[in-house]
Amino acid sequence: MRRIEVVEGLSVRFPGRSQEFVEGVEIGLLAAALATSAPEIVMRLASDALEQAQQLAHELGYLTFPDTRAVDGDTVEVRFRSRSARPRLQLVR
């Protein structure tokens with residue numbers, strides 16, 4: 001049973017439910033977040049849900065950037081950036 005972070009500081013668990021159910025909830029939360037047209041969204045998802053999340057993001061006009069360094073067992077942190085968002089420039093020394 002894994003915790004799903006809804007917003008920072010608020011997470012939910014579903015005791016007795018299958019991993020597929022939890023992945024479905026994650027995809028539902030992702031779809032709701034992407035529907036807001038936010039320029040950038042960062043979520044931790046089950047690794048098994050990554051492909052479906054990438055397809056959904058593509059259909060809604062987002063690029064996906066999985067952070068391979070943030071893999072924690074069966075989860076991965078993914079950054080979703082709107083295709084229409086302007087790139088953020090950073091000073092590199």
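The values are calculated or read from the model by the stated rules, or taken from the named source; none is laboratory data. Treat the numbers as computed from the prediction; the structure is a model and nothing was measured. Counting neighbours? That spans all protein chains shown, and the Cβs are built from the backbone with ideal geometry, glycine included. For accessibility, only protein heavy atoms count, side chains too; no ligands or nucleic acids. Shrake-Rupley method; radii C 1.70, N 1.55, O 1.52, S 1.80 Å.
Annotations
- Residues that are among the basic types (Lys, Arg) and modelled with pLDDT of 85 or more within segment 1-30 comprise ARG13, ARG17, listed in sequence order.
- No other residue among ALA57, ALA38 is hydrophobic (A, V, I, L, M, F, W, C) and surrounded by fewer than 16 Cβ atoms within 10 Å (Cβ to Cβ) apart from ALA38.
- Taking every residue in segment 33-51 that is farther than 12 Å from PHE65 by Cα and free of Cβ contacts under 8 Å to residues at least 40 places away in the same chain and pairing it with any residue that is open to solvent by 70 Å² or more (accessible area, probe 1.4 Å) and not in a strand (DSSP E or B), at least 6 positions away or on another chain, the pairs with Cβ-Cβ distances below 8 Å are ALA35/LEU60; SER47/ASP74; ASP48/GLN19; ASP48/ASP74.
- Within segment 15-30, restricting attention to residues that are of a type in the set (A, V, I, L, M, F, W, C) and surrounded by 14 or more Cβ atoms within 10 Å (Cβ to Cβ), the residue that is nearest to the chain's Cα centre (by Cα) is LEU30.
- Within segment 5-24, residues that are closer than 19 Å to ILE41 by Cα have Cβ atoms under 7 Å from residues that are part of a helix (DSSP H, G or I) and not acidic (Asp, Glu) in these pairs: VAL6/LEU29; GLU23/ALA49, counting only partners at least 6 apart in sequence or on another chain.
- Given (1) over 17 Å from VAL76 (Cβ atoms); (2) open to solvent by 50 Å² or more (accessible area, probe 1.4 Å), index of the condition GLU5 fails: (1)
- Just one of the numbered conditions (1) surrounded by 14 or more Cβ atoms within 10 Å (Cβ to Cβ); (2) among the hydroxyl-bearing types (Ser, Thr, Tyr); (3) without any contact (Cβ under 8 Å) to a residue 12 or more places away in the chain is not true of TYR62: (3).
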